[in-house]
Amino acid sequence: MNRYDLIDIPYEKLEQVNFHKGPVASEFVLKSEEGGIINLKWMEREEATSALNAIQDSLNAIAVEPVSIQRKKVLLGEDLLLKKPPELVSRRSPMTRVIEERKAKAEEDPADKLKKLKELYDAGVITEQEYEEKRKKLVEQL
């Protein structure tokens with residue numbers, strides 16, 4: 001249907017959030033380190049405030065130093081800016097740990113892979129030809 005284009009900016013790549021609280025609604029702009037922009041031109045004030053606080057909490061969960069929000073009163077509302085400092089040092093996020101663990105499992109020792117391959121062959125899951133092809137590749141890795 002192509003009604004919506006989805007844009008994703010991971011917290012680690014989020015550079016800044018601009019938020020203008022107006023009398024009725026607000027404008028919410030997310031900018032990534034690569035220059036991508038998500039601009040929400042109409043967002044209820046309470047939703048926008050909640051989103052900004054959630055982003056701050058998420059960044060603070062991975063940041064070594066807390067990320068703050070700058071507030072500035074303007075004629076018809078308030079401007080808020082959450083800007084990640086360029087020298088932000090972050091902890092590994094939980095998702096990063098999961099990805100690294102999966103990569104480690106995928107990069108098993110070739111000897112362990114050979115053992116599993118032999119078990120598959122003995123169980124009749126793979127043919128002798130498949131077994132020999134994969135076995136040769138694994139032996140080369142040793």
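What tally of residues in segment 19-52 results from selecting those that are closer than 16 Å to residue 69 by Cα and among the β-branched types (Val, Ile, Thr)?
2
Within the group 56, 70, which residue is exposed (fewer than 10 other Cβ atoms within 10 Å of the Cβ), within 25 Å of residue 20 (Cα to Cα) and modelled with pLDDT of 80 or more?
70 is the lone residue from the list that is exposed (fewer than 10 other Cβ atoms within 10 Å of the Cβ), within 25 Å of residue 20 (Cα to Cα) and modelled with pLDDT of 80 or more.
Condition check ((1) free of Cβ contacts under 8 Å to residues at least 12 places away in the same chain; (2) in a strand (DSSP E or B); (3) of a type in the set (A, V, I, L, M, F, W, C)) across all residues:
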residue	(1), (2), (3)
40	no, yes, yes
43	no, yes, yes
49	no, no, no
58	no, no, no
67	no, no, yes
72	yes, yes, no
78	no, yes, no
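Here's a check for you: in segment 92-117, which residue that is assigned to a loop (DSSP other than H, G, I, E, B) and exposed (fewer than 15 other Cβ atoms within 10 Å of the Cβ) is modelled with the highest pLDDT?
Here is the first cut: in segment 92-117, the residues assigned to a loop (DSSP other than H, G, I, E, B) are 92-93, 107-109.
Remaining after also requiring exposed (fewer than 15 other Cβ atoms within 10 Å of the Cβ): 92, 107-109.
Details: 92: 52, 107: 64, 108: 70, 109: 75.
Applying the filter and picking the extreme gives 109.
Taking residue 9 and the conditions (1) out of contact with any Phe, Trp or Tyr (no Cβ under 8 Å at 6 or more places or on another chain); (2) modelled with pLDDT under 75, which numbered condition does it fall short on, given that it satisfies the others?
Every condition holds for residue 9 apart from (2).
Of a type in the set (A, V, I, L, M, F, W, C) and either at pLDDT 70 or above or more than 18 Å from the chain's Cα centre (by Cα) (or both): is that true of residue 89 in this structure?
Judged against the criteria, residue 89 is not a match.
The values are calculated or read from the model by the stated rules, or taken from the named source; none is laboratory data. These figures come from a predicted structure and were not determined experimentally. We place every Cβ from the backbone using ideal geometry, glycine too, and count neighbours over all the protein chains shown.
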